[in-house]
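Report on one structure; see the data block that follows.
The values are calculated or read from the model by the stated rules, or taken from the named source; none is laboratory data. The structure presented is a predicted model; accordingly, all values stated were derived computationally and were not measured. No Cβ is skipped: glycine too gets one built from the backbone with ideal geometry, and neighbour counts run over all protein chains shown. Note: areas computed on protein heavy atoms with side chains; ligands, DNA, RNA excluded. Shrake-Rupley method; radii C 1.70, N 1.55, O 1.52, S 1.80 Å.
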Amino acid sequence: MRTLSGCLLLLAAGTAFAQTPSLQDLAALGGKPGVTTVYVAKSFLTMDAKLSRAEAVAVRDGRFVAVGKLADVQAAAGKDAKLDRTFADKVVMAGLVEQHVHPLLAALTMNTKVISIEDWDAIDGFSPAVRDPEGYQARLKKALADHKDKTKPFVTWGYHHYMHGELTRQTLTKLAPDFPVLVWHRSAHEIFVNDAALKLTGIDDKVVAGLPKSAQAQLSLEKGHFYEQGMLGLLDKFAPLLASPQALKRGLEYTVSYYHRNGITVCCEPGGFVSKPLQDAINAVYGGDEVPFTHYFMADGKTFAARHPNDAKAMVAASEEVLGWGKGRSAYLPKQVKLFTDGAIFSQLMQMKDGYTDGHHGAWIIDPPVFGYAFQGYWDAGCQIHVHNNGDAGFDVVLGELEKAMKRSPRKDHRTVLVHYGFAQADQVKRWIELGGVVSSNPYYVTALAGPYGKIGLGPDRAKNIAPHKYVLDNKGSLSFHSDMPMAPAKPFQLVWAGVNRLTYEGQVAGPEHKVPLDMALKAVTIDAAFSIQLEKELGSIEVGKRANLTVLESDPYEVKATELKDMKVWGTMLEGRVQPVKADGAKPEAKPDAKPGKPADPQARLPIAWDDRSAAGCQTGCSCRLGHALAARLVAQLEPEQPSR
């Protein structure tokens with residue numbers, strides 16, 4: 001670790017910054033410079049390769065104006081600068097960047113009784129992991145016994161059949177014969193219900209017979225199990241139990257404190273749902289200046305490709321129409337879109353070259369021809385394309401389209417992002433990086449799935465190579481980490497811990513050759529995460545001219561044991577110059593009643609805003625995006641009458 005020997009300065013207070021102009025650029029506004037504050041700390045971890053550590057930073061108008069040794073920073077800041085010792089006993093690093101979360105699903109799942117395969121800090125308190133059938137049954141029985149209001153359905157999320165054993169309608173009815181029970185699978189793609197829930201929702205043989213054959217094939221009324229298309233086909237029945245505007249608001253308010261106490265200063269949802277009322281509801285929570293982070297969104301290219309299957313220019317134009325939907329600290333990133341290839345890794349539906357040991361098959365979220373059309377159309381429009389992909393066979397499809405695009409119409413610095421990075425071969429990754437692609441990995445897959453997948457579906461040799469980071473580092477590629485919350489907790493230091501240690505929940509090290517050095521892991525949640533969404537000139541490191549975003553720690557990550565990285569304590573953050581300590585009580589928000597409560601949802605009612613079959617074109621599995629769209633439709637139907645006039 002190099003010690004800073006000099007100081008980078010922004011010498012002219014009235015000079016516009018080299019980075020993208022903002023409201024803080026007072027020269028452009030013609031105003032006077034604000035007060036300059038010099039902050040000292042035990043150490044500043046800058047994430048800047050040229051200046052790895054600093055003693056002090058100076059902040060003015062929400063930007064860093066000096067970084068270096070205290071004496072040099074004070075000299076540059078001038079005699080009128082204030083000296084602030086708030087961080088004097090802290091270790092401060094560049095603000096953490098979480099570039100892949102899902103507000104809707106995170107808000108709704110955290111509102112349930114969480115009993116999952118990993119630890120969760122849910123709305124009703126800490127929920128420890130349970131990964132065996134006996135433990136899950138005991139926790140479920142206790143939760144059902146504690147459910148006092150029998151007039152309300154009981155909803156739990158986090159069940160996983162590989163670790164928690166078989167679950168049926170009969171089992172749930174025996175446990176809870178007199179009130180509705182809905183068990184939401186960890187993948188969010190499956191639901192299990194009891195007799196009372198079927199009665200409440202009105203689902204019976206006649207209703208099932210009215211579904212398409214493909215949906216009927218993916219449910220068992222006898223067992224009370226509904227998955228993928230079988231779940232989606234009846235989501236208008238289930239949605240009132242899962243979603244309401246009040247639950248969404250409560251969940252979003254909770255994620256505000258959740259992200260903050262985990263040190264996040266910037267986050268992003270790639271491929272948010274195409275619903276203006278739903279976006280307005282999210283903006284109402286995330287958009288205020290008091291929110292302790294900035295939240296970005298990007299267009300869901302899959303939806304627009306489905307709506308415009310034969311007109312790429314119309315597809316791109318429709319994507320650009322959502323760019324103004326943000327408000328305040330919620331904003332859309334221009335010229336960035338999200339696409340999908342294969343199925344979810346938590347459901348073992350990724351497309352694998354060598355298939356599965358138990359004979360089941362993967363699935364496509366977007367059929368390869370449809371994916372190719374969308375990829376090439378957005379490529380020609382100059383967009384940065386983020387592609388959800390989990391399996392190595394799916395990676396072949398993505399790689400093939402990138403090779404085709406580069407041969408047909410080469411682009412520099414396109415930064416096409418391979419998102420999730422479940423499985424990949426060394427030669428695939430080498431070619432990807434040579435072509436200019438970058439990788440955004442979820443290292444938590446190793447923690448949660450390497451153990452059980454080594455026994456079921458994949459075998460030990462492939463399971464240990466989940467998220468094969470060595471291939472990226474060997475080829476000097478850009479590697480960032482994300483949680484995909486609620487697919488993993490939005491805890492950047494847990495992601496760092498997972499990448500550095502590759503420890504499974506069973507206590508084994510899976511694929512030690514893929515361990516990531518701490519330097520690279522910290523960059524994966526700061527500067528490289530910013531790079532993956534084209535914001536590296538604005539944030540991700542402590543450099544002159546960048547936004548003054550910081551994450552304040554109680555200890556130095558370089559001085560703790562590698563196995564303790566996930567337990568790093570966050571004191572607070574700084575967002576564009578504003579100091580934001582985490583509340584001592586964990587900052588759990590107080591639920592605020594709506595000024596104008598919506599009408600209670602009718603479980604028997606059909607969705608007023610139906611799922612548009614055009615949006616399902618090319619989708620062959622119930623991806624979380626399709627699920628989200630269906631839940632969003634239910635929420636939109638309830639939100640629309642409540643929208644204030646504008």
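Within segment 84-136, restricting attention to residues that are basic (Lys, Arg) and out of contact with any helix residue (DSSP H, G or I) (no Cβ under 7 Å at 6 or more places or on another chain), the residue that is farthest from Leu45 (Cα to Cα) is Arg85. When each of Ala215, Ala196 is tested for being outside any strand (DSSP E or B) and under 30 Å from the mean Cα position of the chain (by Cα), the lone residue that passes is Ala215. Pairs meeting the criteria (first residue in segment 312-329 and basic (Lys, Arg), second residue part of a strand (DSSP E or B) and crowded, with 20+ Cβ neighbours inside 10 Å, beta carbons under 9 Å, at least 6 apart or on different chains) are Arg329/Thr294; Arg329/His295; Arg329/Leu575.
The single condition from (1) modelled with pLDDT of 95 or more; (2) closer than 29 Å to Arg408 by Cβ; (3) open to solvent by 40 Å² or more (accessible area, probe 1.4 Å) that Thr357 fails is (2).
If the condition is being touching a His at 6+ places or on another chain (Cβ under 7 Å) and either open to solvent by 10 Å² or more (accessible area, probe 1.4 Å) or not basic (Lys, Arg) (or both), then segment 490-504 contributes only Gly499.
Is it the case that some residue within segment 324-331 is surrounded by fewer than 21 Cβ atoms within 10 Å (Cβ to Cβ) and in a strand (DSSP E or B)? Taking every residue of segment 324-331 in turn, at least one turns out to be surrounded by fewer than 21 Cβ atoms within 10 Å (Cβ to Cβ) and in a strand (DSSP E or B). Looking only at segment 362-387, filter to residues that are open to solvent by less than 20 Å² (accessible area, probe 1.4 Å), touching a residue at least 40 places away in the same chain (Cβ under 8 Å) and of a type outside the set (A, V, I, L, M, F, W, C); which one of those is farthest from Tyr471 (Cα to Cα)? This residue is Gly377. Just need a number here: residues in segment 44-77 that are open to solvent by 30 Å² or more (accessible area, probe 1.4 Å) and not polar (S, T, N, Q). Of the residues in that region, 11 qualify. Restricting segment 255-308 to residues that are over 18 Å from Ser532 (Cβ atoms) and among the polar types (S, T, N, Q), the residue that is modelled with the lowest pLDDT is Ser275.
Out of the residues in segment 344-394 meeting the condition of being acidic (Asp, Glu) and assigned to a loop (DSSP other than H, G, I, E, B), tell me which one is nearest to Gln229 (Cα to Cα). Filtering first and then ranking leaves Asp367. A single member of His164, His160, His185 is of a type outside the set (D, E, K, R), surrounded by 24 or more Cβ atoms within 10 Å (Cβ to Cβ), touching a strand residue (DSSP E or B) at 6+ places or on another chain (Cβ under 9 Å) and within 21 Å of Ile345 (Cα to Cα), and it is His164. In segment 531-542, the qualifying residues are those that are open to solvent by less than 40 Å² (accessible area, probe 1.4 Å) and not hydroxyl-bearing (Ser, Thr, Tyr), and the one that is farthest from Gly437 (Cα to Cα) is Ile542.
If you go through segment 439-489 and keep only what is open to solvent by less than 10 Å² (accessible area, probe 1.4 Å) and of a type in the set (Val, Ile, Thr), you end up with Val439, Val446, Thr447, Ile466, Val472. Within segment 88-104, the set of residues being within 11 Å of Thr573 (Cβ to Cβ) and not small (Gly, Ala, Ser) comprises Val92, Met93, Leu96. Could you grab me the full set of residues in segment 505-530 that are under 15 Å from Ser478 (Cβ atoms) and buried (at least 22 other Cβ atoms within 10 Å of the Cβ)? If the condition is that a residue be under 15 Å from Ser478 (Cβ atoms) and buried (at least 22 other Cβ atoms within 10 Å of the Cβ), then Val516, Ala521, Leu522, Lys523, Ala524, Val525, Thr526, Ile527, Asp528, Ala529, Ala530 are the ones that fit.
Selection of strands (runs of 3 or more DSSP E) fully inside segment 90-170 by the criterion of at least 3 residues being modelled with pLDDT of 95 or more and of a type in the set (A, V, I, L, M, F, W, C) returns 91-94, 154-159.
Being touching a residue at least 12 places away in the same chain (Cβ under 8 Å), touching an Asp or Glu at 6+ places or on another chain (Cβ under 6 Å) and either farther than 21 Å from Tyr505 by Cβ or β-branched (Val, Ile, Thr) (or both) narrows it down to one of Thr173, Thr151, Thr156, Thr168, so name that one.
Being touching a residue at least 12 places away in the same chain (Cβ under 8 Å), touching an Asp or Glu at 6+ places or on another chain (Cβ under 6 Å) and either farther than 21 Å from Tyr505 by Cβ or β-branched (Val, Ile, Thr) (or both) holds for just one of Thr173, Thr151, Thr156, Thr168, which is Thr173.
Here Glu190 meets each of (1) under 20 Å from Tyr227 (Cα atoms); (2) open to solvent by less than 10 Å² (accessible area, probe 1.4 Å); (3) touching a residue at least 60 places away in the same chain (Cβ under 8 Å); (4) not basic (Lys, Arg) with one exception, condition (2).
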